[in-house]
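Where a number appears in this text, it was derived from the coordinates with a stated rule and is not lab data. Computed from a predicted model, the values in this text were never measured in an experiment. All Cβ positions, glycine included, derive from the backbone under ideal geometry; neighbour counts span all protein chains shown.
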Amino acid sequence: MHAFVTGSSGFIGRKLVDRLTEGGHVCTGLTRQVVPSNPSNTTKKLVSGDIGAPAATLASQMQGCDVVFHLAALISFDTARRTELMRINGDGTERVLEAARIARVPRVIVVSSACTVGMSHAPDVILDEDEPFQTRWAARNPYLASKQIAEQHAFSAAGRGQHVVIVCPTTVYGAGDHSLNSGTLIRQVSNARFIPVPPGGSNVVSIDDVVQGIILAAERGQSGRRYILGGTNLTFAEIISSICTSIGRRPWCVPLVSAAQLPMMGAAWLIQCLTRSNILTPQIIADTFAYKFYASARAATELGWKSQKSFTDSVKEAWRYYLNEGLISDVKGAAA
């Protein structure tokens, strides 16, 4: 198999390219970086480019490929970047799909996010792929909105006869998260003397399991279908407790009540206005009071996929990676 991978320098993209080449497949990875020539590597090739390029240009780079894995995306929750998010994540996906059609690539796998399925306000509400798009969440979360648009482009392409499969990973942990996407919480736990614990929760999954699910989607996925790739549904209290155990650090954990949500969102909005910082936004606060609990039964039934690695093991691997890369300082001893 010859795979074309957009977002090949990202957290999931790098791991996917490595897994494919280790399995004997040939990979062409699209990257925005300037790529030096390396003709001796016949299984892994990087090409300079951008999903903002014309579809014909992207198609010329996809020639001869058997499958396109589309992972390139902008991750931001800043409402001021909504237009940019729509352009990159929405229009970019439409352009990649068009390029694959022009190049006659037989299969396209669009890597989206489980956040498109939505969230709930109760831990016993487990969402799956049949959940309709929830516009109330998209209105305040521009990243979620852009990913919903990307999925709509994928469904439209599938409806026109193109073989397109969507995969929706939940919150991904593990080694290789150089941008600290999920690692932000690990860093907060490692540095804090006390940490607030919101009442919500999230589904967590290992990077290794997600990559396996993406490959299985290419092999077995049904066109026009989306598959949630999720591991375990955990409350934030359980997530933070597991992180503490995994990294050997125990800050004071301060449970938050539901009534704290609106004041905290107001404070985050004020800080954002005064400092222009987007580290903590009202949307991020709101999400921690909700439950992103998902089921992956469709992936189990149709792809033969199931998460294998525990959350604790994923965090331990991520922690070692952060320390080795100098992304997080190793704070010795307990905080409390």
Open item on the list: Quick query: amide H of Phe69 versus all other amide H atoms, modeled in the peptide plane; which residues come in under 5 Å with a sequence gap of 5 or more or a different chain?
Closed with: Phe4, Val5, Thr6, Ile109
Task: Cα-centre dipole for the chain with unit charges at Cβ (Lys and Arg positive, Asp and Glu negative), debye to 20 - done: 440
Task: Solution diffusion estimate, µm²/s, Stokes-Einstein, the chain, Kirkwood Rh from C-alpha pairs, 20 °C, viscosity 1.002 mPa s - done: 104
- [ ] Provide the percentage of antiparallel DSSP beta bridges, counting only those with both residues in the chain; round to the nearest 5.
- [x] 10
Open item on the list: For Cys27, what residues show an amide H to amide H distance below 5 Å, using hydrogens built from the backbone and excluding near sequence neighbours?
Closed with: Ala3, Lys44, Lys45
Task: R0 of 22 Å, Cβ-Cβ distance Thr57-Arg104: FRET efficiency to nearest 0.05 - done: 0.85
Open item on the list: I'd like the orientation of helix 311-325 relative to the chain: the angle between its Cα long axis and the longest Cα principal axis, in ° from 0 to 90, rounded to 10.
Closed with: 80
TODO: Using the Karplus curve 6.51 cos²θ - 1.76 cosθ + 1.60 with θ = phi - 60°, work out ³J(HN,Hα) for each residue of segment 180-194 in order, rounded to whole Hz, and write x for Gly and Pro.
DONE: 6, 5, 7, x, 4, 5, 4, 5, 4, 5, 6, 9, 7, 7, 9
TODO: Take the eigenvalues of the Cα gyration tensor for segment 120-213, scale each by 5, and report the square roots as semi-axes in whole Å, largest first.
DONE: 29, 18, 13
TODO: For the chain, find the longest principal axis of its Cα atoms and tell me its angle to the long axis of helix 142-159, 0 to 90°, nearest 10.
DONE: 30
Open item on the list: Rounding to the nearest 10 and keeping the result within 0 to 90°, find how far the Cα-based axis of helix 11-22 lies from the longest principal axis of the chain.
Closed with: 50
Task: Sequence-separation-based contact order of the chain, relative, with Cα cut under 8 Å and 6+ spacing, percent - done: 18
TODO: Return the long-range amide H neighbours of Ala175 (sequence gap of 5 or more, or a different chain), with a cut-off of under 5 Å between placed amide H atoms.
DONE: Ala318
TODO: Let me know the charge dipole size of segment 123-261 about its Cα centre in debye, to the nearest 20, where only the beta-carbon of Lys, Arg (+1) and Asp, Glu (-1) is charged.
DONE: 480
- [ ] For a footprinting-style exposure proxy, rank His25, His121 by other Cβ within 10 Å, fewest first.
- [x] His121, His25
Task: Table column - 3J(HN,Hα) (Hz), segment 131-138, Karplus curve with 6.51, -1.76, 1.60, x for Gly and Pro - done: 5, x, 4, 9, 5, 5, 6, 5
TODO: Evaluate the relative contact order of segment 27-153 (contact order divided by residue number), counting alpha-carbon pairs under 8 angstrom at least 6 apart; express in whole percent.
DONE: 26
Open item on the list: Using each residue's phi in segment 296-309, evaluate 6.51 cos²θ - 1.76 cosθ + 1.60 at θ = phi - 60° and report the 3J(HN,Hα) Karplus result to the nearest Hz, with x for Gly and Pro.
Closed with: 10, 4, 5, 5, 5, 6, 8, 9, x, 9, 8, 5, 10, 8
TODO: Could you pull out every one of the lysines with an alpha carbon less than 25 Å from that of Lys45, ignoring same-chain neighbours closer than 8 positions?
DONE: Lys15
Task: For segment 179-228, with +1 on Lys and Arg beta carbons and -1 on Asp and Glu, the positive-most of Ser179, Tyr227, Pro199 along the dipole - done: Pro199
